[in-house]
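What follows is calculated from the coordinates using simple rules that are stated; it is not laboratory data. This is a predicted model, so every value here is computed, not measured. All Cβ positions, glycine included, derive from the backbone under ideal geometry; neighbour counts span all protein chains shown.
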Amino acid sequence: MKLSFTSSSLFATLTLLAGACSSVGYDDPNRVETLTIDYGSTDLQTLAAGMVESLIVAPALNYLENPGKGDDKRVIVLMGGIENRTSEHIDTSAISDKMQNQLLKSGKFRFVAAKAGQDEVGDQVRFQQGSGRVREDMQREFGKQIGADVVVYGSLRSIDKKKGSSIESGGTRKQDVYYQFVLKCVNIDTGELIWIEEEELRKTGTTGMFGRT
Amino acid sequence: MKRSITTSCLLAVLWTAACSGPSKGTPQNTFVGGEGRETETEVANRSLMKSLQMVNVRSKRENDRLFVQFELENKRSINLAFEWSVDWFDEAGFEIDFDESWKPATIGGGGQETLSIVGPTPQASMWKLALRTPNTIR
């Protein structure tokens, strides 16, 4: 009886101690993260990496002719939107930003600014021409920007399934999330779909009676 | 008195374990290859090396990019979870700043998985594949 009391006390003390300790530290942003089953940094990195590799090797996207392009015939891309059709709140612009970053580094593509960038450019040109503060010989003008050859856009979908705890499952709950990320590339000249890729992810989680395993 | 010391020691050990953060510097096995060179292997995790082996490495250059393909074989009879990551280098050995994230993967018992990697830039001529047991933030 006495031993049992000691063990219980020890367990209670340990639980309190474990709850009491806390820490903050920096970690490697490239580590795999499975804190929860929800969409996370590893999913972002995996989805973006798969698409980037496919875009880099796509023969249809090696070069596109346009008389105004001069010698640099690399494809000029407008990174369009990625529609979030999952049940989660996901900032899909983080995926397109990550892809754009890596594609620019790859040197395969040229990019034009998307809406936010174009708005900034427009504001700046209007400022340079209309404020009277910028030297006349250095003022930039409208009508000189390059135009995109293609638009890349896509959607992220998910199928989420949960199985509640039961006697059959030994009190554990199971969850399965499937992500499907589809990206398409359309030729602006012709409206033709010239590239499409699909990346899939599946995550499963089990929550036991005492927490996630 | 003796019992009290034992309990204190036990408490200290358990508290340390409970409060310690994720393990750093997880040992990894690396495979370095490149255009016109043999694949070199560096083993830091012998147990993983016994379970997970890289075979049949082939490469080609197409459209100015280095394509590398190989198989990873699970020598065990049960599922094997691991993480992999690839770094790329130019001819002079300088690392090319690209995707350095670790990717989780699982191969079924006795199974094989084909992995394809592509040089991110035309300058990428050497690659380093790292394999390690899961070192997940959870």
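Here are a few things to note about the model shown:
- Considered as an equivalent ellipsoid built on the Cα gyration tensor, segment B:26-132 has semi-axes of 24, 14, 12 Å, the largest given first.
- Ranked A:Y39, A:Y178, criterion: other C-beta atoms within 10 Å, fewest first: A:Y178, A:Y39
- Residues of segment A:56-73 with amide N under 18 Å of a point placed 7 Å along Cα→Cβ from A:N187: A:58-70, A:73
- Normalising the average separation of contacting C-alpha pairs (under 8 angstrom, six or more residues apart) by the number of residues puts the relative contact order of segment B:26-132 at 34 percent.
- Sorted by Cβ density within 10 Å, fewest first, the residues A:M79, A:M138, A:M51: A:M138, A:M79, A:M51
- For B:E91, the shell of other residues with beta-carbons less than 12 Å away shows a net charge of -1, using +1 for Lys and Arg and -1 for Asp and Glu.
- Dipole magnitude (debye, nearest 20) for segment B:26-132, charges at Cβ of Lys, Arg, Asp, Glu: 580 debye
- Assigned charges on the beta-carbon of Lys, Arg, Asp, Glu; chain A dipole about Cα centre (debye): 680 debye
- The residues B:K50, A:K184, when put in order of fewest to most other Cβ atoms within 10 Å, stand as B:K50, A:K184.
- Two-site label geometry, B:S77 and A:M209: point separation in nm, points 7 Å out along Cα→Cβ: 3.2 nm
- Folded to 0 to 90 degrees: helix A:93-106 orientation relative to chain A principal axis, Cα: 60 degrees
- Treating r as the C-beta distance of A:Q124 and A:D97 and R0 as 30 Å, the FRET efficiency rounds to 0.90.
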